[in-house]
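Heads up, the thing below is written out as structure tokens.
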Amino acid sequence: MLIFCPHCGMRPSEEFTPKGLAEAPRPALGGDDRPEDDAWQDYLHTRTNKAGQTNEYFHHSLGCRRWIVVHRNTLTHEVTGSTMASEFWQNQQQAQDWEAGQ
Amino acid sequence: MSARLPQPNRLDHGGIINRDRPVTFTFDRRVYQGFEGDSLASALLANGVKLFGRSFKYHRPRGILGAGPEEPNALVEVDRGPADRDPNHRATMLEIYEGLETFSQNHIGPLNMDLMEVNDLFSRFLPAGFYYKTFFFGGLQAWYRLYEPIIRRAAGLGRPPLAADPHHYDKIYTHADTLVVGGGIAGLTTALSLAKAGQSVVVCEERDRMGGSALWQGETFNGETGAAYIAHMCREIEAAGGRLLPRTTVFGVYDAGTFGAVERCHDHLTKADRAPHTARMKYHRIQAKAVVYATGAIERSVGFNGNDRPGVMLASAGHTFLGKYGVRVGERVSLFTTHDGGYGTAAAFSAAGAEVTVLDARTDAADVSIDGVRVIKGVYAGQAHGRMGVRRVDYDGASSGSLDADALLVAGGWNPAVHLTSHTTDRRQSKPVYDAELLAFVPPELVDQEAAAGSVTGAMSTADCLATAQAAGKKLGGKKIELPTVDQALPVSKPMEMWAVPGAGDAAFLDMQNDATVKDVKLAAQEGFKSVEHMKRYTTLGMATDQGKTANVTGLALLAAATGRDIAQVGTTTFRPPYTPIPIGVLAGHHRQRDYAPFRYSPVHAWAEDNGATFMEAGLWMRPAYYTAPGDKDWLDSAVRETRATRGSLGITDVSTLGKIDIQGPDAAEFLNRLYTNGWKTLPVGKARYGLMLREDGLVFDDGTTSRLGENHYYMTTTTAHAAAVMTHMEFMHQSAWPDLAVAFASVTDQWGALALAGPNARACLAKLFPEVDVSNDGLPFMGVIETQWQGYTARLFRISFSGELAYEVAVPADIFDAFWQAALQAGAEWKITPYGLEALNIMRIEKGHVTGAELDGRVSMDDVGLGKMVSSKKDFVGRAMSEREAFSDPDRAKMVGLVAAKPGDKIIGGGIVFDSAEGPFDYTTMLGYVTSVAQYSPLKDRAIALAFIKNAADWHGKTLYVVSHVHGKSIMEVRAESPHFYDPNNEKVMA
């Protein structure tokens, strides 16, 4: 399998280390958050494990050491692309804002 | 070259072998000769050998069934010495070379008098499911002690080698626009079409050369022989940039255009011909945008009694031995066919001087007249006679009779080799589709990036195969190429449906390798194993090294008939990689032993080796555990001596293995603030601070010190064990959660060597090493940092202590660390500087109550290790929210405590369980906690001490407890609990 690293290009999957689904952003800095808060529960524990299009964290650990979010279809195993983790949640937010504005 | 030996079954002409190069080899210690280009099978058949091995279960004598990778019977061992012995080579795929030594397998005593053949006499007592039913009695013990050893011995598939594989193997990434699997005429035609269109093409061919059956079948192409036409095509493909890989098996298809292939580079060569330092095999990981399956078809047999006799073989195999190798497998040949294809083989044998009788199962077969060939229509082979080789064939049907024969060829129809098309569910369904017209499974509907060419599609004539190749080329964007005119074409037709003949029973074999018979399949159906997957597991049909390449389709057709279903309804079992067996070694490649997990060495490793160090592994690092000095009785003696010397005067230890991370940027302090539990914004330049990191779930992750070297410059140390994990964690948090922080960091573990000077004379020694630097308690106070120079190189002095003594760590560039170490030893000589290892360090840090990986095991909170105060409540940090989980404030939660043995000489066993009574019961209902670290002797306490985690830890201080180890015979050890800070609890020494 090949994985596209936005920094290095197409690379073999052996160069990457998977971490898990990227389903919720880390809750914003607050300082008095409680463990039972939904945002923390979602970030830490909720994994929908859905059949279909998913987003997964991969670390290009034997390459540029960037964290990326790989877009993979769990039904077909097709990798449709990837995004730098540093841009992923920002993009999500922009998309949501755009939808809300429509 | 030695004298030529006779080869009785070798014709004096024909074949694509090199008759100028005789090759001498042995089989079961007998010497034979063949020619260059022979397989072991063809060379032995040329010498009149019919018996190649014994069957798996009944030990029936077996010969050759096929001529290629499908061969189930003729498995042999290649012996190049005890460490270099490969079992289970298919004689049909093994190329002979001068001096090759081979042995038959699976018999006790000589091959022609196997003592295990007695199993065959009892064959009616060993039906499908026999083992499941019989060895149920007596339970598991009986299985392990009694049944399994006997079965293992009886059901041999060769002997494994006895030592590590002496060969080496390479892994290669191979890239292509299109991979063509199969270098027969169809694959090559497609490859040429694609290569001419400018695509990069790789053709993998399992056999020793490109061309497949076109090389020798006798058909001509534009008037040229097959061999000449193939040679032209190969040159053209290579001229257009294509790569041809013979002896390369594509064994698996994986997601997104990844293919596994093994190229056999050495197995056909004598030792002298193998280039030194080259790999025996290469594992190609092929990445291709498109693929052409040109994998051909495998002929199938028909179930009749005695169809496993030596001398009964597939018609295509007989034809291959004749055409490719010039070996005639019989003089009086019976040929049992269900389709026109058998007549091509009959004609070839007749032309080679054999007396041929065709038994055609079809009553309505068209009349064919071939010189010297007798045809009997509407009959089938009912029984083959001849234990060590066919002698007579009984036929039955429209007429019946008996024929003298020394070979029986069977043409039961063709199974397209659809295996690879079924390996992946990537983008499409994977199961092959049954074509009731063709009586065969064909590939499923392929996606845009795939095509099939040749007989794998179900095409039968060469012309049809070429047409599919042209279509495949077109589908994948190839250039149109003119197809050749095929003359002297072999006859083909669809087969008549006949999977087993009437009366076929327990001597009618389907899977020769597992001795699964027609009767076994019927029995399985009768006993309710109606799913093809259950039938496979119950009868073992389709298992083992050949994976039923000649057996599967016939088996499931018979299962369909026995259960009253269509073949399409029954379906096939799942095809999985590898297509044919491959050595594990080739998948491992160079990733074995120390190439898999290399050692990491400190810059002073050589010095430590020369000075009596015994090393221990810490992750990949080799660290000195203790240094043996004259008079030391054992490791503990050494460690205690080192401890006393350090506490009494001066010790030195290598701390180069600690993780070191250089952090820079205007937001560096903010970044540290979010990584560590404690605050970092107030840390001044020139100071270090101890920090604790949590995981996001609130549990302790790692600890270490970080120093501020400049306004925006920090230097972090981590534990040796977690260095890589901390780096990865920092990258994740920075990139996924806080990309806006302006900070950059890099691992500098290998760039800096570091040592610790510890003990009351540490300051004096440091002052000698750095005479210009003020290292007094005011100049370099506890947790102070100075960046200076040593002989022109940067040196960083940190006043930090892990041992609990007055101590300094000094880091210098790794290149000069050895020189610096020597200088430190020289400077410390007047105080009898003593190098100490991990064991002494362990004693000292346990005495001091410092935690390491043994305590920070991923289950403890800050509070549990007594560091609950190290939280800045004013900020967010990793693990902050979860550190307030209710469970962490449970009063019953185990916390760290110190344990001291009741009297000198008593041991405390690491990992022991702590109880408050010596009476028991010693189980989880009464346990208080567990021991994490033990110092078997503490000079401070004159006995063993330990760190442990127990419930209500503080309440037990001063009281007696008991440590029980269930894995050491439940010995009960009396201990006293106290604060874990045994040594210098008020830090007077480290601050001195």
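The values are calculated or read from the model by the stated rules, or taken from the named source; none is laboratory data. Everything quoted here is computed from the prediction, not taken from an experiment. Positions of Cβ are generated from backbone atoms using ideal geometry, with glycine treated the same way; all protein chains shown enter the neighbour counts. Accessible surface is based on the protein model in full, side chains and every heavy atom, while ligands, DNA and RNA are left aside. Shrake-Rupley method; radii C 1.70, N 1.55, O 1.52, S 1.80 Å.
Has the stretch A:46-65 got any residue that is part of a strand (DSSP E or B) and hydrophobic (A, V, I, L, M, F, W, C)? Looking for residues that are part of a strand (DSSP E or B) and hydrophobic (A, V, I, L, M, F, W, C), one finds at least one in the stretch A:46-65, hence yes.
Please find, among B:V253, B:V262, the residue that is surrounded by 21 or more Cβ atoms within 10 Å (Cβ to Cβ) and within 14 Å of chain A (Cβ to nearest Cβ). Result of the check over B:V253, B:V262: B:V253.
Yes or no: the stretch B:413-428 includes at least one residue that is away from chain A (no Cβ under 14 Å), under 17 Å from B:V292 (Cα atoms), out of contact with any Asp or Glu (no Cβ under 9 Å at 6 or more places or on another chain) and of a type in the set (G, A, S). Yes, that holds for at least one residue.
In the set A:Y57, A:Y43, which member is under 29 Å from B:T424 (Cβ atoms), among the hydroxyl-bearing types (S, T, Y) and either touching a Gly at 6+ places or on another chain (Cβ under 6 Å) or at the interface with chain B (Cβ under 9 Å from one of its Cβ atoms) (or both)?
On inspection, the qualifying residue turns out to be A:Y57.
Among the criteria (1) touching an Asp or Glu at 6+ places or on another chain (Cβ under 7 Å); (2) within 14 Å of chain A (Cβ to nearest Cβ); (3) not β-branched (V, I, T), the one B:H734 does not fulfil is (1).
Evaluate the following for B:F52: is it at pLDDT below 95, open to solvent by 40 Å² or more (accessible area, probe 1.4 Å), within 30 Å of B:N415 (Cα to Cα) and hydrophobic (A, V, I, L, M, F, W, C)? Against the criterion (at pLDDT below 95, open to solvent by 40 Å² or more (accessible area, probe 1.4 Å), within 30 Å of B:N415 (Cα to Cα) and hydrophobic (A, V, I, L, M, F, W, C)), B:F52 does not qualify. Take B:G211 and decide whether it is touching a Leu at 6+ places or on another chain (Cβ under 8 Å), within 14 Å of chain A (Cβ to nearest Cβ) and buried (at least 17 other Cβ atoms within 10 Å of the Cβ). Considered against the rule, which asks whether it is touching a Leu at 6+ places or on another chain (Cβ under 8 Å), within 14 Å of chain A (Cβ to nearest Cβ) and buried (at least 17 other Cβ atoms within 10 Å of the Cβ), B:G211 comes out as no.
In the stretch B:856-900, which residues are away from every other protein chain (no Cβ under 14 Å), open to solvent by less than 40 Å² (accessible area, probe 1.4 Å) and over 17 Å from B:A977 (Cα atoms)? Answer for the stretch B:856-900, where residues must be away from every other protein chain (no Cβ under 14 Å), open to solvent by less than 40 Å² (accessible area, probe 1.4 Å) and over 17 Å from B:A977 (Cα atoms): B:L856, B:G858, B:V860, B:M862, B:L867, B:G868, B:M870.
Of the residues examined, A:K50 is not one that is in contact with a Phe, Trp or Tyr (Cβ under 8 Å, 6 or more places away or on another chain) and either within 12 Å of chain B (Cβ to nearest Cβ) or loosely packed, with under 12 Cβ neighbours inside 10 Å (or both). Quick check, is B:G34 within 30 Å of B:N307 (Cα to Cα), part of a loop (DSSP other than H, G, I, E, B) and among the small types (G, A, S)? Answer is no for this residue. Note on the stretch B:590-610: residues that are in contact with a Ser or Thr (Cβ under 9 Å, 6 or more places away or on another chain) and open to solvent by 50 Å² or more (accessible area, probe 1.4 Å) amount to 2.
Taking the stretch B:680-731 as the range and being within 14 Å of chain A (Cβ to nearest Cβ), acidic (D, E) and open to solvent by 30 Å² or more (accessible area, probe 1.4 Å) as the test, only B:D697 passes.
Can you confirm whether the stretch B:382-389 contains a residue that is buried (at least 24 other Cβ atoms within 10 Å of the Cβ) and either more than 34 Å from the chain's Cα centre (by Cα) or of a type in the set (S, T, Y) (or both)? Checked the stretch B:382-389: at least one residue is buried (at least 24 other Cβ atoms within 10 Å of the Cβ) and either more than 34 Å from the chain's Cα centre (by Cα) or of a type in the set (S, T, Y) (or both). The number of residues in the stretch B:614-648 being aromatic (F, W, Y) and open to solvent by 30 Å² or more (accessible area, probe 1.4 Å) comes to 3. Specify the residue that is farthest from B:L587 (Cα to Cα); the eligible residues are those in the stretch B:290-317 that are out of contact with any helix residue (DSSP H, G or I) (no Cβ under 6 Å at 6 or more places or on another chain) and part of a strand (DSSP E or B). Within the stretch B:290-317, the match that is farthest from B:L587 (Cα to Cα) is B:N305. Of all residues in the stretch B:310-353, which are open to solvent by 10 Å² or more (accessible area, probe 1.4 Å) and of a type in the set (A, V, I, L, M)? If the condition is that a residue be open to solvent by 10 Å² or more (accessible area, probe 1.4 Å) and of a type in the set (A, V, I, L, M), then B:L322, B:V329, B:A347, B:A348, B:A351, B:A352 are the ones that fit. Here the stretch A:69-102 is the region considered, the condition is being in a strand (DSSP E or B) and within 9 Å of chain B (Cβ to nearest Cβ), and the residue that is surrounded by the most Cβ atoms within 10 Å (Cβ to Cβ) is A:V69.
Looking at B:G792, B:G759 in this structure, which one is on the phi > 0 side of the Ramachandran plot, open to solvent by 30 Å² or more (accessible area, probe 1.4 Å) and at pLDDT 95 or above? Let's see the steps before the verdict.
Numbers: B:G759 fails: open to solvent by 30 Å² or more (accessible area, probe 1.4 Å).
Going through B:G792, B:G759 in turn, just one is on the phi > 0 side of the Ramachandran plot, open to solvent by 30 Å² or more (accessible area, probe 1.4 Å) and at pLDDT 95 or above: B:G792.
If the condition is being surrounded by 24 or more Cβ atoms within 10 Å (Cβ to Cβ) and assigned to a loop (DSSP other than H, G, I, E, B), then the stretch B:69-84 contributes B:E70, B:E71, B:P72, B:N73, B:A74.
Of all the residues in the stretch B:521-546, those that are in a loop (DSSP other than H, G, I, E, B), closer than 29 Å to B:I584 by Cβ and in contact with a Phe, Trp or Tyr (Cβ under 8 Å, 6 or more places away or on another chain) number 1. Once the stretch B:431-445 is narrowed to residues that are assigned to a loop (DSSP other than H, G, I, E, B) and without any contact (Cβ under 8 Å) to a residue 40 or more places away in the chain, the residue that is nearest to B:A551 (Cα to Cα) is B:P444. Only one entry of B:F802, B:F798 meets the criterion of being open to solvent by 30 Å² or more (accessible area, probe 1.4 Å), touching a strand residue (DSSP E or B) at 6+ places or on another chain (Cβ under 8 Å) and assigned by TED's automatic domain parsing to the domain that holds B:R644, and that entry is B:F802. Each residue in the stretch B:904-945 was checked for being open to solvent by less than 20 Å² (accessible area, probe 1.4 Å), closer than 21 Å to B:L841 by Cα and either of a type in the set (F, W, Y) or not in a strand (DSSP E or B) (or both), and 1 pass.
Within the stretch B:490-517, being in a loop (DSSP other than H, G, I, E, B) and touching a Pro at 6+ places or on another chain (Cβ under 8 Å) holds for B:D506, B:M512, B:Q513.
Among the residues making up the stretch B:455-469, a single one is closer than 15 Å to B:T485 by Cα and not in a helix (DSSP H, G or I): B:S461.
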